[in-house]
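A short write-up of the structure that comes next.
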Amino acid sequence: MIGDAQKPSSLATQQLPLLRKLPIPLAAIMMQQIARADRLFPVELQELKRSLQALASPHSPAIEAAVRAFAALQLSPELQHLDWATDPASFVEKMSAELWSSGQIGAFHDAAKLLVPATLPTQTSPPIKPARFVTIALDRRLSAESSTPSLFLKLRPHGTFFPNVKDEEPNTLGEWLSARAAAAPAPYAHWRLSGEADRSPSPASVVSLSYDGLKSTRQQLLARFNATRNTDGASGPEGLRHTLLQLTPEQIGLASMPDPVLRAFAMEIFTGGSGTQLYATTFVQWTVREVLRRAQPQTLLARFTPRSEATSIDLRFTYPELEPPPDGRGSLIDAEMGAYLSYLNLQRLPDEGASFLVWHEGYGQALLIGNGMPGNAQSQSPITLKALLRLTT
Amino acid sequence: MNQVDQWNRLAAGRSYDRREFLRGLCGSALATTVSSVLPRRAWGSAVKRRKVVVVTFGGGARDEETFAPEGQQNIPRMLQELMPQAAFFTQVVNRGILGHYVATASLATGVYERFNNFADVSPENPTLFEYFRQSLKRPASDAWVVAPSNGFNRIGQSSHGLYTGAGASVILPKRLLAHADGSAAFGGLEHLLNDNYESPIQAPVALASEMPSEQVASMLKLSVADFAAHASTLNSPDELSLFVARRIMREVAPCLLWVTLHDIDVAHTGAFSLYLEGIRRSDTICAELWRTIQSEPEYKDQTNLLILPDFGRDSDGDAGGNGFQHHRTGDALSRTTWMMALGPDVRQNTVVDRPIESIDLTPTVAALFGCDARMSQGHLIRELGL
Ligand SMILES: [Zn+2]
């Protein structure tokens, strides 16, 4: 058995005999996860545990097929002789480049997909209570140029559109989130993400991250990009990736965040996400994706606020403290796509019965997906935001 | 189902969507196999005067934001002005590495190049420019490339020993506005220097073979200062590339001109609105280039224009990607795109569903000039009158 609080080093030692029996590409990606064990959310650690157990006793045809698919990948002799066990992240980086150049990247992705069933619980676990709920709010400053836009077109086939939604209370969504967190407290189960710092404080049981709240961190990272590019003998993107792999949260001002898992998560949003350091809308969309994929929360409230206007990336690197003026019109388009991608990410989680609400606070338009909400439907009747939040639960 | 079957199935499904849409829009004659009904092209004097302009979107564009029904609003001029005169290929598949420099190099050599996308290296296989110049004994001034500066400085000339010195003149317009270290040489023009969206920083490049700014400016009959003054009226790097391409056509009139646009790749920042702006700008630029072709006496009625994205971008449905943002998954949609062809060798208003590959471009363009891209691994696109 693998203990939840196990250190990556001892977990690696324990699992090495198993990994050495696996095809190298599979062993390397498993080792890469093991090396990150102390940065994983509880759900991820459980998934890792289940995968390792499944690989240790491969009796399911799916696992056998996955192992065969990994074994069929051809690695160069140079790569095969590299030490994947000591530095799996660098190994996977090199392996990925080789799989692309040898035309095997698709086969690799297919093999990885075969492994997914092994990460899922074997018995049907009881449905999570309350059922998962994702709410996306679009700030009123996200606005179209002229007339009132017709919002959420890409999501409409999946749920019911409400064009007349009123919010009659000052902090409806904040209270909704707090109530859900109080009703089912659990680590990393309730999240609040935003472009701007929260207007109302969240209870301690809610994990809260914002683009503005992490200003110092992202600016320090931009300064590092700039320093790396101006270093003599810098080796371009590879050098940068190497630098980022070595980076610790403390080096970019995250020391004050007490939780080491969250500290690493916040860093990876900026080092693994592209554009998260430049645009608040990208930060929110990518963080929603990562929170859903990795922490699999019960409640997620995300708020898109205006991103800064498009500015030369070179300028943003040279002057990391530069915060250009907002672009409300572009941000609306970005946030609508962000909401759609967030829904797709929610769909990828294994449970059924989840709800998804997207609401524009300025235009009073909302779309609700979940129990009892037919797709391609519209409800003209005026409704309050508070009532909407209760419709599917 | 194996991966290739899956690609074919998905790509075919997408092509069907596109064809149905286009038929509704343009009433195009459906010509799944048109080669049998096309006249064989008359070789001889016509070939001598033949010119080809290739435009690639070196920023990967998806169907959803271009030719699919929901994308049509982003490419109004290609649909309304160009499509009625064009042959449209609904399935162009790229089976290579999905990085812009290596993919564009593969388009230009007709072989899936395997080098590191971020390395400062030349394509290994001879390029279209070298086949063209060496076979037809044309000067360097007759083959030009206008490209973004992120590594593209070596795109015109392969490292192949048989073609030494037969490459294209490569112009990286942004370099004319920047110091050697890449910083802006003129205040207020920083927005025209954006080009490294695939990675936050670029590999250092050796610029030994690059033409000095003054020499480029003098060939274009424009001082560097005048160039900067004009640039100050432009909104993006691709508008700068259009300006330079037109200037090359007016002043040098090469037979072979290759323009790689790159604004679309701003998608890597995750800002969907900026990606759409990039597509709309590319739409305008393609329409303007065709207008230029038809208004310049050296080009009018004897120039084929070929427009194609280097590849697509990740589909919304692949969990390994993040929708439009990147091209990391190598999924079927990120590998499948389209091509539009206009000009005297093209049967107008046709839609070709037969799958072709990105590497078919170079042997085909070479053949339009009457030369043989003998080391390319692509096939002739016979629907272009070959
Ligand atoms: Zn790209």
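Going residue by residue through the stretch A:234-252, is there one that turns out to be at pLDDT 95 or above, assigned by TED's automatic domain parsing to the domain that holds residue A:349, more than 19 Å from residue A:336 (Cα to Cα) and open to solvent by less than 20 Å² (accessible area, probe 1.4 Å)?
Within the stretch A:234-252 (the criterion being at pLDDT 95 or above, assigned by TED's automatic domain parsing to the domain that holds residue A:349, more than 19 Å from residue A:336 (Cα to Cα) and open to solvent by less than 20 Å² (accessible area, probe 1.4 Å)), the answer is yes, since at least one residue qualifies.
Results for (1) open to solvent by 20 Å² or more (accessible area, probe 1.4 Å); (2) within 14 Å of chain A (Cβ to nearest Cβ); (3) in contact with a Ser or Thr (Cβ under 7 Å, 6 or more places away or on another chain), shown as yes or no for each residue.
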site: B:283; (1), (2), (3): no, no, no
site: B:300; (1), (2), (3): yes, no, no
site: B:305; (1), (2), (3): no, no, no
site: B:329; (1), (2), (3): no, yes, no
site: B:332; (1), (2), (3): no, yes, no
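Evaluate the stretch A:75-86: report whether one residue or more is more than 14 Å from every other protein chain (Cβ to nearest Cβ), hydrophobic (A, V, I, L, M, F, W, C), open to solvent by 20 Å² or more (accessible area, probe 1.4 Å) and assigned to a helix (DSSP H, G or I).
For the stretch A:75-86, residues more than 14 Å from every other protein chain (Cβ to nearest Cβ), hydrophobic (A, V, I, L, M, F, W, C), open to solvent by 20 Å² or more (accessible area, probe 1.4 Å) and assigned to a helix (DSSP H, G or I): absent.
To keep it simple, each residue is scored yes or no on (1) within 14 Å of chain B (Cβ to nearest Cβ); (2) in contact (Cβ under 8 Å) with a residue 60 or more places away in the chain; (3) in contact with a Lys or Arg (Cβ under 9 Å, 6 or more places away or on another chain); (4) outside any loop (DSSP other than H, G, I, E, B).
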position: A:255; (1), (2), (3), (4): no, no, yes, no
position: A:266; (1), (2), (3), (4): no, no, no, yes
position: A:270; (1), (2), (3), (4): yes, no, yes, yes
position: A:282; (1), (2), (3), (4): yes, no, yes, yes
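Would you mind finding the one in B:376, B:334 that is part of a helix (DSSP H, G or I) and either in contact (Cβ under 8 Å) with a residue 60 or more places away in the chain or of a type in the set (Val, Ile, Thr) (or both)?
Result of the check over B:376, B:334: B:334.
Among what's in the stretch B:317-356 and is out of contact with any helix residue (DSSP H, G or I) (no Cβ under 6 Å at 6 or more places or on another chain) and of a type in the set (D, E, K, R), pick the residue that is nearest to the ligand (Cβ to nearest atom).
This residue is B:328.
Can you confirm whether residue B:303 is polar (S, T, N, Q), touching a Pro at 6+ places or on another chain (Cβ under 9 Å) and either within 24 Å of residue B:381 (Cβ to Cβ) or in contact (Cβ under 8 Å) with a residue 40 or more places away in the chain (or both)?
When the stated conditions are applied, residue B:303 passes them.
Every residue, every condition in (1) in the same structural domain as residue A:238 (by TED's automatic domain parsing); (2) within 20 Å of residue A:7 (Cβ to Cβ); (3) not aliphatic (A, V, I, L, M), yes or no:
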| site | (1), (2), (3) |
| --- | --- |
| A:23 | no, no, yes |
| A:39 | no, yes, yes |
| A:57 | no, no, yes |
| A:64 | no, no, yes |
| A:80 | no, no, yes |
| A:85 | no, yes, no |
| A:91 | no, no, yes |
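Out of curiosity, is residue A:153 under 21 Å from residue A:369 (Cβ atoms), open to solvent by 70 Å² or more (accessible area, probe 1.4 Å), over 21 Å from the mean Cα position of the chain (by Cα) and not charged (D, E, K, R)?
Criteria met by residue A:153.
How many residues, within the stretch B:237-270, are assigned to a loop (DSSP other than H, G, I, E, B), away from the ligand (no atom under 16 Å from the Cβ) and of a type outside the set (Val, Ile, Thr)?
Result for the stretch B:237-270: 3.
Only residues that are aliphatic (A, V, I, L, M) and either more than 15 Å from the ligand (Cβ to nearest atom) or over 14 Å from the mean Cα position of the chain (by Cα) (or both): list them for the stretch B:88-110, please.
B:92, B:93, B:97, B:98, B:108
So in the stretch B:271-280, with the set limited to residues that are assigned to a helix (DSSP H, G or I) and within 16 Å of the ligand (Cβ to nearest atom), which one is farthest from the other protein chains (Cβ to nearest Cβ)?
B:279
Go through the stretch A:210-237 residue by residue and tally those that are in contact (Cβ under 8 Å) with a residue 40 or more places away in the chain and within 10 Å of chain B (Cβ to nearest Cβ).
5
Kindly indicate whether residue B:320 is without any contact (Cβ under 8 Å) to a residue 12 or more places away in the chain and in a loop (DSSP other than H, G, I, E, B).
The answer is yes for residue B:320.
The values are calculated or read from the model by the stated rules, or taken from the named source; none is laboratory data. Quick caveat, the model's predicted, so the values are computed rather than measured. Counting neighbours? That spans all protein chains shown, and the Cβs are built from the backbone with ideal geometry, glycine included. Quick note on the areas: whole protein, heavy atoms, side chains included, nothing else; ligands and nucleic acids left out. Shrake-Rupley method; radii C 1.70, N 1.55, O 1.52, S 1.80 Å.
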